[in-house]
Every structure is written in structure tokens, then in C-alpha cells.
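Working notes, beginning with the structure itself.
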Amino acid sequence: MENAPEKPGLQAAAVLPAGGCGERLGGSTPKQFCTVLGRPLISLTLEAFERVKWIHNIVVVAAPENVDLMKTIVHKYNHKRITIVEGGLTRHRSIFNGLKVFSEDYPFDSSIQKPDVVIIHDAVRPFVEEDILFKVASAARQHGAAGAIRPLISTVIASSVDGTLEHSLDRSKYRASEMPQAFLFDVIYQAYLKCTNDDLDFGTECLHLALKYSNTKAKLLEGPPDLWKVTYKRDLYAAESIIKEHISQHLCIVTNTKEEAIQVGFLLHENLKTHVKVKAVSSSMCKTVHHLQNIFHGQCNNFICINVNESDFEQTCQLVYLLQNAHGAASYPSVIISVHITDPELCSSGIQKLAPIRKLGKEAQKSNVFLYGLLLNFSKDTSQLQETICEGVSIIIALIKDRNPALVGQILVA
């Protein structure tokens, strides 16, 4: 996603509580550190906030035993504008610790200035966009507090002590409180200063604290459906599915100037464009990392490299090398499908000539580049060639959508 310009006049910071133990998720790894497509969930959330240039500081509140792990993640994925602090025993105590970073008596970093608006967001809600962040921050600047809400999916009922229905709520009158929430800094900080131990130990709703202790009624804004929180193991699979769908929408076809490559590239482009957004470029345009980053403004994670014969790996090797060097800032695995053209009568020998792709694929995978081989039977008969192209397109779409690491280095035939 391309970075948006800075919003004028809005000085904001974010506090991300990340001290949960993930009991409902199961397993020993806290959910914020569980991996999605090989990357910790919290890293994806941090990346979403880093894209927002008017958020000047991002405070991550981690459990004391996970501070070193959090520092490792920040370093490994080159996150910027991050301050890590130790959390408390409860969610509210952790958020309070995060807010203290911006207070005048915070002893560790005098360079962090108090923001006009502070955004509070869960570390396990990675699908947050700048639009909703700006809406809640702007509303907080006007009203003192603001939060995203969503319609209730299920009816809420109250049960009596004997386990029978006591009453139900009118679902149309109630909403689910979501994140992000935003506050004028003084509103929420003063509210926390006035909190009782009972509030800090058992409360869950920041908007309620602003109302209770700062007499500030929050503006409620309808949020998008992607604000859901990763809570259960199935949510990790859903998150991975959403990301795969998102990063499979752009595809770049890299070809040379040879006649067969141009013909195959054109046919693939025409058949793929009904499935994904396709851009065809000459191999001469992919000479540097800078050129790659300019393709789709850095949004492309999928490449088809067309080679005229089975033993031609020069273009594929060059593309692998460039992506390996560019992957310091890459969020997700890139896919390269090395397409090789062969005579239908020589298909068996063509597969043997493609054997080096297995070794190349294993090396590329170390840099989060998934390389697959695709052998296309090139026929002079137009109808047969079109049939081959259609089969190839089905394989290509399946590879970029599934991103299966077990198939890296494998050779498929169309």
C-alpha cells in the first residue's frame, strides 16, 4: 500500500496493548506473536500504523517476559517510530503504562512529545486502515473521545441464577465496541489518573473511563468489517486467507523480446486479466530493486518470468536475486513462476532440464521468495496453444492464491 500524505495539523500517537497471553487461542505462544504467512501478527499491525505518517509515535506495551522478543521483532522487520514498554497485570494497567510515556515525568525518553490525540488499538487487529484511524482521531479532536463500533451479530441475553432466560436486549439499539479508539490525550490520561483499582483490574472499556472520570461522551463511528480481533485459532486461518486474497490481486509478467516469449506473454496477459490486475514489463525494466519497487507502486508480490526454452534460467535467476535484495522491506512472501516454453514432443526432457529450479527454489525460499516452475507446451496450432494457456492460467492463479511452501521448487506442466 502506498503511503498517504501527512494529514495537516493532526499530531497523533498510538498505544498498542500487546500483553495478552492468548488463553482462548490455545497453545503456548501469545496470539500477538503467532505467525501469519511467516510473520508475527503484531508486526502486521505495526506495519499498518507505520504507513500512517501523521502518527508520530507508536507505543507497544508488552508483558515483561516478552519485551526482549518484541525488541527482536522490531529489529528484524525494521519497524520505525516504536517505543516498547512493560505492561501491567491487566489490560487497563498496560494501557496506563503506555500513556505514561507521553507524560512530562516519564524518565526514559525526553524526545517523545505529548500528542494532541492518542489512538488506542489492539495489537491483534492487523487489518486497520488509515481511513478509520483518521476518522476516529478527527472525531476525538472535536469531541474529546471517539471509537469504532459495529452492529451486533447475535442477540444479547441475560440469564437468571438458575440458568433460565431472564431477558434479552433489543439488538437494534446496541452496538459492539471495537478498536481503534481515540482520545484527546489529557482526557484519557486524566481519566486513568482518577481510576480506582477496581477499574484498572476489572474494566475493559476505555470509552467508559473517559465518560466516568472526564465527563466526555465519545463520538461513535461505524467501522469497517475488517476490524475484527484475532481471538481463536480459526481467526489466524481467516487472517491468512484475507492476506492471501489481498496480495494475489496484482501480477507482473516479465518477458524478453523473443517472438515466442512475447506471444506467450500476451496470451497469458489476456487470459489472466479477468482474474487479477496484470502488468507486463520487459526484462530490461527489471534491472534494479528500484525498478521492482515501482511496479504497481510496490504492491506487486507475484511475478511470472517467461523463458524461451527449458534450460534458460538467466531471467529467473536475475529476478530471484533482485527480490532477495528487496525483501528487507517485504511484508509477505513473493511468488515467482518461472515459465519455460517447450515442444510438446520434448516435454519429458524439458522436465529434466528444469531440475536446477529445485535448488534455486530452496535458496530463494530462505529470503521469503517462493519459486515455482511451469512448463508450457508451445504448439503452432492456435487452438491447442490457447488450451495450454488456459491450463497454465489455472495453475498460476492457484499458485499465487495458495502460496504453498511445500510446492516451492516443483515443476508443473500445462
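The values are calculated or read from the model by the stated rules, or taken from the named source; none is laboratory data. None of these values were measured; they are calculated from a predicted model. Here the Cβ positions follow ideal geometry from the backbone for every residue, glycine too, while neighbour counts run over all protein chains shown. For the accessible areas, the whole protein counts, side chains as well, though only heavy atoms, and no ligand, DNA or RNA atoms are used. Shrake-Rupley method; radii C 1.70, N 1.55, O 1.52, S 1.80 Å.
Observations, loosely collected:
- For the cross-link pairs Lys71/Lys229; Lys173/Lys233; Lys258/Lys359; Lys31/Lys71, the ones whose C-alpha atoms lie over 20 Å apart are Lys71/Lys229; Lys173/Lys233; Lys258/Lys359.
- GNM result for the chain, Cα springs below 10 Å: residue of Ser43, Ser338, Ser282 fluctuating most strongly: Ser282
- Residues whose amide H falls under 5 Å from that of Ala145, counting only those 5 or more places apart or on a different chain, are Leu184, Lys219, with hydrogens built in the peptide plane.
- Estimated FRET transfer efficiency (Leu69, Glu245; beta-carbon r; R0 41 Å; 0.05): 0.90
- Amide H within-cut-off set for Ile84, under 5 Å, with H built and near neighbours excluded: Val60
- Charge tally in the Cβ shell below 15 Å around Ile397, where Lys, Arg are +1 and Asp, Glu are -1, Ile397 excluded: +1
- Sorting Ser334, Ser160 on solvent-accessible area from highest to lowest, probe radius 1.4 Å, gives Ser160, Ser334.
- Degrees separating the helix 41-50 axis from the principal Cα axis of the chain, which is the longest one: 80 degrees
- Counting only alpha carbon atoms, the long axis of helix 356-365 and the longest principal axis of the chain meet at about 10°.
- Highest-MSF residue in the chain out of Ser172, Ser383, Ser367 [GNM, Cα springs under 10 Å]: Ser172
- More than 39 Å apart - percent of Cα-Cα pairs taken over the chain: 33 percent
- Positive minus negative residues near Ala280 (Lys, Arg vs Asp, Glu; Cβ under 13 Å): +2
- For Lys366, a cut-off of 19 angstrom between C-alpha atoms picks up these lysines, skipping any fewer than 8 places away in its own chain: Lys76.
- Local net charge near Lys76, Cβ-Cβ under 15 Å (Lys/Arg +1, Asp/Glu -1): +1
- Helix axis angle, 314-326 relative to the chain longest principal axis, alpha carbon, degrees: 10 degrees
- Taking 20 Å as the straight-line reach from the Cα of Lys80, the aspartates and glutamates in range (excluding those fewer than 8 positions away in the same chain) are Glu2, Glu6, Glu47, Glu50, Asp68, Asp109, Asp122, Glu129, Glu130.
- Sites Lys366 and Gln113 - FRET efficiency at Förster radius 30 Å, r taken between beta-carbons, to 0.05: 0.15
- Most mobile of Val187, Val335, Val136 in a GNM of the chain (Cα contacts under 10 Å): Val187
- Packing-based ranking of 242-255, 64-77 yields 242-255, 64-77, ordered from highest to lowest mean Cβ neighbour count within 10 Å.
- Farthest toward positive dipole pole in the chain [+1 Lys/Arg, -1 Asp/Glu at C-beta], among Ser154, Phe202, Val413: Phe202
- Karplus-derived 3J(HN,Hα) values for region 172-187, using 6.51 cos²θ - 1.76 cosθ + 1.60 with θ = phi - 60°, are 5, 9, 10, 9, 8, 7, 10, 10, x, 10, 9, 8, 4, 4, 5, 4 Hz; glycine and proline are entered as x.
- Approximating the spin labels as points 7 Å out from Cα along Cα→Cβ, the Glu86-to-Leu37 distance works out to 3.6 nm.
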